[in-house]
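What follows is a single structure, written as structure tokens, with notes after it.
The values are calculated or read from the model by the stated rules, or taken from the named source; none is laboratory data. Please read all numbers here as calculations on a predicted model, not as lab measurements. When we count neighbours, we look across all protein chains shown, and the Cβ atoms used for this are built from the backbone with ideal geometry, even at glycine. SASA here: full protein model, heavy atoms, side chains in, ligands and nucleic acids out. Shrake-Rupley method; radii C 1.70, N 1.55, O 1.52, S 1.80 Å.
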Amino acid sequence: MDNGVSTGALSGRPLFFCGIGGSGMLPLAQIAKGLGHPVAGSDRSRDQGRSPEKFAWMEANGFTLFPQDGSGVTSAEQVLIASAAIEDTVPEVARAKELGCERLSRAELLSQLFNAADFSVAVGGTSGKSTVTGMIAWILAEAGHDPTVMNGAVMKNFVSPANPFASARIGSAGVFVAEVDESDGSIALYRSTVGVLLNVSLDHKSIEELRVLFGDFVGEAGTAVINLDSEEAAYLRPRAVGAVTFGVRAKQADIGVEPESIEMSAVGISAVVVDNRRREAFPLELPMPGLHNLSNALAAIAAANAAGIGVGHAVYALRSFKGLARRFDVIGTSPSGVTVIDDFGHNPEKCAATLRTLKATQGRVIAFFQPHGYGPLRQMGEELARTFARELGPDDVTIMCDPVYFGGTVDRSVGSERIVELVNAAGGRAEHIPSREDCGARIAALARPDDRIAVMGARDDTLTEFARSILARLS
């Protein structure tokens, strides 16, 4: 298998990442460095003294870090990697413009590296991308294919003392697995050998826009892997040139399950996976709870099969899949039996999956939710409110703090208090407490033996620390 990769005009050029410690930038910086690029960067969080262990690890592993004052951008040869949302007033951006540096978004760089691979798997959809990307990566690695992997979450199977921040895996440049994002339209940049479509539901864009983006995505893939349980995903099946389908409920799916074989527990789910094309069946023992994770497993099995790996081999590999950080990640249990769970749930579908998993077993739920911005809250706030009101029972409670806000001119007219009002109006029980620290104190005061506390939200690495602080209050 070819270990070399050509990235055209980018080959070997120094890259400067603005916001290098972010959950999307750090794994990409790791991959770029692994492919031979000199990598430097800056991050506001580092300047503020946040997550010092992460930045210390980066410096110890050859990443050159600078204050976010423009001092790291020194040559027109450098390529600036920065979010399209970053304003021209940011010192790195201003300095790069002054020097005439080329500028790429995260997605533009990732797609160049991804499209240069001989064999590529892109994972798209509104929910489940990171988990399925991790599952596919583990199956391919177990099969000896040594994939390079770009993920949005730390993959526990690949964590080691050498790489504690394993949201990336550096392997062969010829085999590339990545989750791809529809929220900014960048999914259109990728040309995949195998393109996985998990689901299509409201998040950052309208359903009409999503149909176009995901329809083009499956149409461009060499083989599309499509979830027939998702009505919108199934609707796009005719756009695919070749397809492998999967589904927990859909009887016509190529890869499915025997419904009566499904058994759920608080820590995992098992089922008999059926390859309906060959009439073969294989027992799956997945050490992750929830029906949504059974669906994720079928997606990964179908994708691996499209890559030439037998269904039986893929099923067996998933028995040792350890999951991802911040994806129903159990932080610990207090002496009184209160369990604290850290979770990435931030849109209606992800939150519903987490809450359903919790409600499948006994115990009251205290759901903490930190919205990841005023814009997303305005877009999907009403559906979020319906989700919390519908999925939780009369004894459960939802606690919301104010949305993440990093400054700027964003419209802040719709806040968490409005969503809390809607939850309560729909028959749920919710409280708005503006400060996250005050939310922690309230949650600790509410907690009773055998409760489950779910800390949910995105785009904020400190949520895991917040979850740990709640457990510490209870211990």
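Structure notes:
- Qualifying positions in region 169-217 - within 21 Å of residue 114 (Cβ to Cβ) and among the basic types (Lys, Arg): 169, 191
- Listed by first and then second residue, the pairs with beta-carbon distance under 9 Å, at least 6 apart or on different chains, first residue in region 419-430 and on the phi > 0 side of the Ramachandran plot, second surrounded by 16 or more Cβ atoms within 10 Å (Cβ to Cβ), are 427/389.
- With respect to (1) hydroxyl-bearing (Ser, Thr, Tyr); (2) open to solvent by 10 Å² or more (accessible area, probe 1.4 Å); (3) in a helix (DSSP H, G or I), the lone exception for residue 201 is condition (3).
- Of everything listed in (1) of a type in the set (S, T, N, Q); (2) within 19 Å of residue 286 (Cα to Cα); (3) crowded, with 22+ Cβ neighbours inside 10 Å, the single unmet condition for residue 320 is (3).
- There is at least one residue in region 15-29 that is aliphatic (A, V, I, L, M), in a loop (DSSP other than H, G, I, E, B) and either crowded, with 19+ Cβ neighbours inside 10 Å or in contact with a Pro (Cβ under 6 Å, 6 or more places away or on another chain) (or both).
- For the condition aliphatic (A, V, I, L, M) and surrounded by fewer than 21 Cβ atoms within 10 Å (Cβ to Cβ), residue 122 does not qualify.
- Test: residue in region 82-99 that is closer than 30 Å to residue 352 by Cα and of a type outside the set (A, V, I, L, M): yes
- Residue in region 335-354 that is within 16 Å of residue 467 (Cα to Cα), among the acidic types (Asp, Glu), buried (at least 20 other Cβ atoms within 10 Å of the Cβ) and under 18 Å from the mean Cα position of the chain (by Cα) present: yes
- In region 56-89, the residues that are modelled with pLDDT under 95, over 27 Å from the mean Cα position of the chain (by Cα) and either β-branched (Val, Ile, Thr) or surrounded by 18 or more Cβ atoms within 10 Å (Cβ to Cβ) (or both): 89
- Of 224, 253, 178, 233, all but one fail to be part of a helix (DSSP H, G or I), among the small types (Gly, Ala, Ser), crowded, with 19+ Cβ neighbours inside 10 Å and modelled with pLDDT of 95 or more; the exception is 233.
- Residues that are of a type in the set (Gly, Ala, Ser) and under 18 Å from residue 148 (Cβ atoms) do not occur anywhere in region 68-89.
- Residue match in region 202-218 (condition: closer than 18 Å to residue 135 by Cα and touching a helix residue (DSSP H, G or I) at 6+ places or on another chain (Cβ under 8 Å)): no
- Hits in region 126-148 - residues which are surrounded by 24 or more Cβ atoms within 10 Å (Cβ to Cβ) and assigned to a loop (DSSP other than H, G, I, E, B): 126, 127, 128
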